[in-house]
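Participant: Sharing a structure with you now.
The values are calculated or read from the model by the stated rules, or taken from the named source; none is laboratory data. Everything numeric in this text was worked out from a predicted model, so none of it was measured. Cβ placement follows ideal geometry from the backbone for every residue including glycine, while neighbour counts extend to all protein chains displayed. Just the protein is used for accessible areas: all its heavy atoms, side chains included, with ligands, DNA and RNA removed. Shrake-Rupley method; radii C 1.70, N 1.55, O 1.52, S 1.80 Å.
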Amino acid sequence: MGIAVRTFADADRTALRELAPRVGEGSPSGSLWGHPESEAAMYLDPYADLLPDSLWLAFLDGALVGYLAGCPDSAEFPSESRRMDRAIREHRLFLRARPVAFFARAVADAGWSALRRRPTAGDFADPAWPAHLHINLAPEARGTGAAQELMTRWLQQLRTAGSPGCHLQTLVENTRAVRFFRRMGFTPYGPQPMVPGLRHEGRRVHQLTMVQSL
C-alpha cells in the first residue's frame, strides 16, 4: 500500500493520540517534560480542534505513522505561552515530579541567561512568514518519504491560499531534521538561543528558526 497522506478527520483522534508519544523518539525534542498528555495538549490537540484542514496525516501500509500540524496565520492561533499555561493548569503539572523538575530547570536556565544577558527561546512572529508547522514521525516512518509528502502537501496548501511564507522552529542539535528542512527549501533565520529546561544527552539545546518564502 505504501505511503498515503490526507487531512485529519475526527475519527482519527484515538489513533493520533496513541501515536503522539512515539513520534520523535531518539531526537533531541522527543519528549519535553515527560508527560505525553499535556505535551499533546500543547502541540497537537489545538490543531485538531481549530485547524483540522491544516492537520495532515501520513499512513504507511494503512497505519498512522506521522503528522504535520500546520497553521496558515500564527497571529490567529493561541500562542505557545497561552497553550502552555492552559496545559499546566488542566493537567496539574505542578503536582507531577517530571514536569516540576523540567520547569524548575527552565527557571534556573532563564535566570542564568538573564545574568549573562543572553536571549532564550521564544515565539516567532513576522508577517513575511506568517504560517508555521510542526512535523513528527514514528521511527518506522523515517526514510520512507512520508515526511517529504507531508511537507509537500502543506506547502502546496499555503501556495494555493496565497500565503507569503512559512516558518518553523526546531533545534540546532536535531541535525537530521535540519538537513530535511533545508532540502524542503527552508533556511535558518535569526539567532539560536538556548531552550530553557530542555536537555539532550545531558547538554543544553538551542532553538533554530527556519523560514521559506512562497
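Participant: For the range 158-197, which residues satisfy the criterion of being more than 14 Å from the chain's Cα centre (by Cα) and part of a helix (DSSP H, G or I)?
Facilitator: Answer for the range 158-197, where residues must be more than 14 Å from the chain's Cα centre (by Cα) and part of a helix (DSSP H, G or I): 158, 159, 160, 161, 175, 176, 179, 180, 182, 183.
Participant: From the list 209, 120, 152, pick out the single residue that is of a type outside the set (A, V, I, L, M, F, W, C) and closer than 24 Å to residue 6 by Cα.
Facilitator: 152
Participant: So is residue 108 surrounded by fewer than 18 Cβ atoms within 10 Å (Cβ to Cβ), at negative phi, at pLDDT 95 or above and out of contact with any strand residue (DSSP E or B) (no Cβ under 6 Å at 6 or more places or on another chain) or not?
Facilitator: yes
The rows are residues; the columns are (1) open to solvent by 30 Å² or more (accessible area, probe 1.4 Å); (2) at pLDDT 95 or above; (3) within 24 Å of residue 6 (Cβ to Cβ); (4) under 16 Å from the mean Cα position of the chain (by Cα).
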| residue | (1), (2), (3), (4) |
| --- | --- |
| 54 | no, yes, yes, yes |
| 64 | no, yes, yes, no |
| 69 | no, yes, yes, yes |
| 84 | yes, no, no, yes |
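Participant: Just to be sure I understand the filter: pairs with C-beta atoms under 9 Å, separated by 6 or more residues or on different chains, first member in the range 122-136 and closer than 25 Å to residue 110 by Cα, second member among the β-branched types (Val, Ile, Thr) and assigned to a strand (DSSP E or B). Which pairs pass?
Facilitator: Taking only residues 6 or more apart or on different chains, the pairs are 124/209; 124/211; 126/211.
Participant: Still on this model: For residue 140, all conditions in the list (1) in a loop (DSSP other than H, G, I, E, B); (2) surrounded by 14 or more Cβ atoms within 10 Å (Cβ to Cβ) hold save one; what is the number of the exception?
Facilitator: It is condition (1) that residue 140 fails.
Participant: Which ones in the range 21-45 are free of Cβ contacts under 8 Å to residues at least 60 places away in the same chain and either assigned to a strand (DSSP E or B) or closer than 18 Å to residue 98 by Cα (or both)?
Facilitator: Result: 21, 30, 31, 36, 37, 39, 40, 41, 42.
Here's the yes/no breakdown for (1) within 18 Å of the chain's Cα centre (by Cα); (2) modelled with pLDDT under 95; (3) open to solvent by 50 Å² or more (accessible area, probe 1.4 Å):
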residue: 122; (1), (2), (3): yes, yes, no
residue: 135; (1), (2), (3): yes, no, no
residue: 156; (1), (2), (3): no, no, yes
residue: 208; (1), (2), (3): yes, no, no
residue: 213; (1), (2), (3): no, no, yes
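Participant: Oh, and also: Do you know which residues across the range 143-157 are at negative phi and in a loop (DSSP other than H, G, I, E, B)? Give the steps one after another, and end with the answer.
Facilitator: Within the range 143-157, the first condition is being at negative phi, and the residues that meet it are 144, 146-157.
Correct list: 144 only.
Participant: Take the residues in the range 176-189 that are modelled with pLDDT of 95 or more and open to solvent by 60 Å² or more (accessible area, probe 1.4 Å); name whichever of them is nearest to residue 209 (Cα to Cα).
Facilitator: 189
Participant: Please work out which one of (1) under 17 Å from the mean Cα position of the chain (by Cα); (2) crowded, with 19+ Cβ neighbours inside 10 Å; (3) under 28 Å from residue 60 (Cβ atoms) is the condition residue 200 fails and give its number.
Facilitator: Condition (2) is where residue 200 drops out.
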